[in-house]
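Please read the structure below before turning to the comments.
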């Protein structure tokens, strides 16, 4: 691995961490789209900053760009408050306007600016190692490493200082206000961090992909944990993992680094979305199926409990009577047998002691409107789940 | 009765959403140590009144004082139970963590909760009978359990005045009794408790003070004196008959 390769991966990882932190809170606040708005609307700020300083590495650019990010949020909220258009419409109105101002400014001054729209949209991490921080002829490494490093440091210190405030204002803005933690201040604080981070990440991954770095790791982590701190750590992990493996994917494919990073992010999300133990698609489908069979089982047991006459308990009669298809009746009867809840003697089905006491308890809960508790007695009675 | 001390005083309070007043010129004095219900039809501004008192909504006119001083100076004296539906119960956190939030107010900015706060939170969970659920993710709790967690969070605020926005909404009978016992316990300790309440039948049984509200204040006073068909009819607009049981 060359030092340039190492530097690119280091920059990509820091960008990923810096994005994952505000991204987690944006996802929890159901504001994922606002990151899209910010990432596009920082452009006019960047361009104006560049006109003033003629230096792409100047901190003024970051400040100007962050400012236009915050202005976007203010505008969006102002339009929303009038209630004349819906929330997402307001976002859709503001950011293209801001972005197009940036695009026009660039194209009008194309000669004396080396920002071009492709780089703005997609970024180019591969060039990052060429733009170096030189002080008195000493090489202090790539400039973007320093930019994103400083931004990450600020983000981390704010996170450590205001973790509790961010948590409470995200979960319960009403109580936060009542306790004196102004959600407005925290909201704009978070938006400023998101804007500054976007500017820092912009260089590396461009306006479109920075959204993926903010949202995808947090959305993935959300499916895996019930704990905010773990969610932050997992987001960071997924971000860094995708950044590094994205880099090598790009290397292998000889393709765009930012594109490959985002592809990996998408794949990781897809895998977790499908296979997450509790909230994954398959486990949800499996649970629904299980529920369905178990409800059928209970219906079946209740029926047996209600009828002592043999004719009602004949296996063929049950098929017709409960009006289930053959396959379903068979799987229900099998499940009941495997759990020792019924016995079948000459095609007549009877409840066992265990089946009887399970059914009795379930009826108790149904009568008292405590259906949810049936779930917990299943643990005691079932050897096999549906 | 000697000179009464007021825990909360509301003067000429008017609140509007988009210039449409939802509360008109409310004057209200809540005596210390009462367990008070705020009743009124949907859209009467009951929640809005609580939110305006707590500074969550800015009124367009009027003022609020808690023991004679503005709310902002008295935050630590006030506990709040918002409506259960006002938060996202899928938020990645546990019951204990939510209750800990009650202690954030006394901590102030930046300082983090430590052992003392955790102890307070655990004790509050125990008071509402939820200690065994402390590590449960909040979406895994039933509606009644979530409401108890909210109540525990308010208890962790260790306040003198409590405002509760429909704490009985969507809870089963057992939880309702458990909650009202805790509220009566608070009153016994001299705390003032203000509850937005929907079930008129239980007002005489649960509360000793009542405020009728429908955009304007209709009446306020001891349940024994003012909880009658006349006030109910004025508040709800229809000829209201409630069998007031002893």
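We did not get these values from a lab; they are worked out from the coordinates using the rules stated. Values in this document were obtained by computation on a predicted structure and should not be read as measured data. Cβ placement follows ideal geometry from the backbone for every residue including glycine, while neighbour counts extend to all protein chains displayed.
Listed values, structure above:
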| quantity | calculated |
| --- | --- |
| Nearest-0.05 FRET efficiency for residue A:346 and residue B:61, computed from C-beta distance (R0 56 Å) | 0.10 |
| Dmax and Rg, reported as Rg then Dmax, of the stretch B:104-216 (C-alpha, Å) | 15.2, 46 |
| Inter-part distance where the stretch A:246-287 and the stretch B:63-95 are each reduced to a Cα centre, Å | 41 |
| Average projected area [Cα convex hull, the stretch A:3-277], square nanometres | 16.0 |
| Ascending count of other beta-carbon atoms within 10 Å, so fewest first, for A:156, B:186 | A:156, B:186 |
| Least to most buried among A:273, A:247, B:71 (fewest other Cβ within 10 Å first) | A:273, B:71, A:247 |
| Sorted by Cβ density within 10 Å, fewest first, the residues A:198, B:211 | B:211, A:198 |
| Mean separation of Cα contacts under 8 Å (6+ apart) over length of chain A, as relative contact order % | 19 |
| Two-decimal log10 I(q)/I(0) for the protein assembly as shown, as the Debye equation yields it once each C-alpha is a single scatterer, q = 0.07, 0.09, 0.10, 0.11 Å⁻¹ | -0.63, -0.92, -1.03, -1.12 |
| Most mobile listed residue (B:45, B:129, B:33) in chain B, GNM with C-alpha springs under 10 Å | B:129 |
